[in-house]
Amino acid sequence: MNQDRSCFVVGTTVGFAVYRSDPLALVFKRDFGRGIGVAALYYQSNIVALVGGGPIPQFSPQKVRLWDDLQGKSVSELQFGSDVKNVLLLKDIIVVTLETKLHFFRMSNLQQLREVETFPNPLGVCTVTYTEHPKIAYVGKTGKVKIEEVLGGNLCELPEKSKTPVNNLSFSADGTLLVTTTEHGSEIRVWNGLTGVLVKKLRRGSSGALIHSVNFSHHPESYLLAVTSNLATCHIFSTGEGNCQSKLSYLQAVSNYFTSEWSFLHFTAPSEKSLVFFGAKRTSLIIITVHGRYMKYNLTSPMHGAARDDTMLAESRNFFDNPTVYIRTDDDEACA
């Protein structure tokens, strides 16, 4: 996704493509004939950060190239000594994730601002806020999640080191909440993004799962959190009131399992690796998958629906198969 969720970009074994999120529309694409492993779109523009990947990479997996699609060429690049795992683009800052380091650069001149050592991070897990004073969350050298100002300055550290590796981090739009999940996948934890205090423990299920994606609603005064996993289910939680409680909560002295809150809404979703996020409307939820599936759901009465059928699949298509094409003029912003 880009920074305001209006567009998403996908890297493929032959290039990359940028789509408008809601409604779905192809904005532009580039066929290199070789693979892109990491792609990050700069807001609603024609600038994309690209890293080579796949069986036959187009570029080195150890380089970040800033690609200007209007010019059809790379305009600058950053070289590293190991494979790039993730790239995040802020207004004037590039964050590059390697397996054991984070690098921060000024986008306007590629000046390195700082670097940070991290816990081994093969998935490139980290997250930022797109606020006036942006923050970043990542797993520090000790294995604890750290929250810092992007330009430096430690804010807080979560008090607990996870027993299993952290595989998802996501801030709320205003940065006041941070959600974490681990490879065990049964519990989702919501933290205060300013103090690191635990706010809620949310229970996805009793068994383990591989959580693919977790995202807050970006709409004002919406307190929803969506989670997808390899168990072919999407769960919707509230970060306020309205979640389901265990019927065995009287056993809380035996185990904190019985004090957890459960999703107030869940429904069948693709089991393949996916990204979930809220769409243009408050009740619109979108799931896109690694195989090109685009699924849009309408959540009816989202704060009061506690049944799995309290949702409706409004649209399902493959965005690689002739999507509606958005024709851009020279005066348009790419994803506007």
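Descriptive notes on the structure:
- If the condition is being among the hydrophobic types (A, V, I, L, M, F, W, C) and under 17 Å from His103 (Cα atoms), then the stretch 146-165 contributes Ile147, Val150, Leu151.
- Residue match in the stretch 66-86 (condition: under 18 Å from Phe171 (Cα atoms), touching a Pro at 6+ places or on another chain (Cβ under 6 Å) and either among the basic types (Lys, Arg) or in contact (Cβ under 8 Å) with a residue 40 or more places away in the chain (or both)): no
- When every residue of the stretch 87-94 is checked against the conditions, none turns out to be surrounded by fewer than 14 Cβ atoms within 10 Å (Cβ to Cβ), in contact with an Asp or Glu (Cβ under 9 Å, 6 or more places away or on another chain) and either farther than 19 Å from Pro61 by Cα or basic (Lys, Arg) (or both).
- Leu151 farther than 18 Å from Ala40 by Cα and assigned to a strand (DSSP E or B): no
- Answer from Gly143, Gly153 - the residue that is free of Cβ contacts under 8 Å to residues at least 12 places away in the same chain, over 24 Å from Phe237 (Cα atoms) and surrounded by fewer than 20 Cβ atoms within 10 Å (Cβ to Cβ): Gly153
- Residue in the stretch 39-61 that is nearest to Gln3 (Cα to Cα), counting only those that are out of contact with any Leu (no Cβ under 9 Å at 6 or more places or on another chain) and open to solvent by 50 Å² or more (accessible area, probe 1.4 Å): Gly54
- For Ser108, the conditions (1) farther than 20 Å from Val48 by Cα; (2) part of a loop (DSSP other than H, G, I, E, B); (3) of a type in the set (Gly, Ala, Ser) are fulfilled apart from (1).
- Test: residue in the stretch 44-52 that is in contact with a Ser or Thr (Cβ under 6 Å, 6 or more places away or on another chain), among the hydrophobic types (A, V, I, L, M, F, W, C) and part of a strand (DSSP E or B): no
- Contact annotation: residue pairs with Cβ atoms under 8 Å, 6 or more positions apart or on different chains, pairing a residue in the stretch 112-136 that is among the polar types (S, T, N, Q) with a partner that is assigned to a loop (DSSP other than H, G, I, E, B) and open to solvent by 80 Å² or more (accessible area, probe 1.4 Å), are Thr118/Lys141; Thr129/Asp174; Thr131/Asp174.
The values are calculated or read from the model by the stated rules, or taken from the named source; none is laboratory data. Because the structure is predicted, anything quoted here is derived from the model rather than measured. Positions of Cβ are generated from backbone atoms using ideal geometry, with glycine treated the same way; all protein chains shown enter the neighbour counts. Keep in mind that these areas ignore ligands, DNA and RNA; they rest on the heavy atoms of the full protein, side chains included. Shrake-Rupley method; radii C 1.70, N 1.55, O 1.52, S 1.80 Å.
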